[in-house]
Amino acid sequence: MSQRWLAAVLCIFGIAACQPNRAPIEVSEVWGPEVPAVAQNGIFYLQIRNHSQADDRLVAVQSPGCTTAELHETYENEHGLMGMRYLADGLFIPAGETVTLDVGGFHIMCLGKTAEFRAGEHIPLSLTFAAAGELTVEAEIH
Ligand SMILES: [Cu+2]
């Protein structure tokens, strides 16, 4: 019997953990839209999966391509105008759930960009989670 098959059987019957080596937090689809060189700021989007049994929170973001990086949320005010606000308490990532930062919602604001947000460029991004710690990913500009 192969080890992999045995692991699957144990997993099915709840005898062993199914994904013992999987990181608690998985970050994917990290990207940013192209921004003209003269623009001061850039923006990043991504997806966060919490594979663990415990809630977590994205508390800080930073990038060598930004003077400052901040977690923001886009919202519509009472006059129907779009604005955005800084998420002072970070972003809650419930146990077992996926949180998506995407156009018109949550995003990472790159204030005072120092990197070129040109198609094909890759910009490193560090994410700090309250429980899972720091994770570095690369945003693809397209
Ligand atoms: Cu913003």
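The values are calculated or read from the model by the stated rules, or taken from the named source; none is laboratory data. This one's a predicted model, so the numbers in the text were calculated from it and none came from an experiment. As a convention, Cβ positions derive from the backbone with ideal geometry for all residues, glycine included, and neighbour counts pool all protein chains shown.
When residues of segment 53-89 are filtered for being more than 16 Å from the ligand (Cβ to nearest atom), of a type in the set (G, A, S) and at pLDDT below 95, how many remain?
Summing the residues that are more than 16 Å from the ligand (Cβ to nearest atom), of a type in the set (G, A, S) and at pLDDT below 95 in segment 53-89 gives 1.
Across segment 90-121, what is the number of residues that are more than 16 Å from the ligand (Cβ to nearest atom), exposed (fewer than 14 other Cβ atoms within 10 Å of the Cβ) and under 23 Å from N41 (Cα atoms)? Full working, then the answer.
We begin by selecting, within segment 90-121, every residue more than 16 Å from the ligand (Cβ to nearest atom); these are 92-99, 114-116, 118-121.
Right, trim to exposed (fewer than 14 other Cβ atoms within 10 Å of the Cβ) and you get 94-98, 114, 118-120.
Those still in the list that are under 23 Å from N41 (Cα atoms) too: 114, 118-120.
Number of matching residues: 4.
Please state which one of Q47, Q53 is polar (S, T, N, Q), under 20 Å from P24 (Cα atoms) and out of contact with any strand residue (DSSP E or B) (no Cβ under 9 Å at 6 or more places or on another chain). Spell out the reasoning first.
Working: Q47 fails: out of contact with any strand residue (DSSP E or B) (no Cβ under 9 Å at 6 or more places or on another chain).
The match here is Q53.
Looking at D56 and the list (1) charged (D, E, K, R); (2) surrounded by 18 or more Cβ atoms within 10 Å (Cβ to Cβ); (3) at positive phi, which single condition is not satisfied?
(3)
Per-residue answers, yes or no, for (1) within 28 Å of R22 (Cα to Cα); (2) charged (D, E, K, R):
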| residue | (1), (2) |
| --- | --- |
| V103 | no, no |
| F117 | no, no |
| L125 | yes, no |
| A131 | yes, no |
| T136 | yes, no |
| E140 | yes, yes |
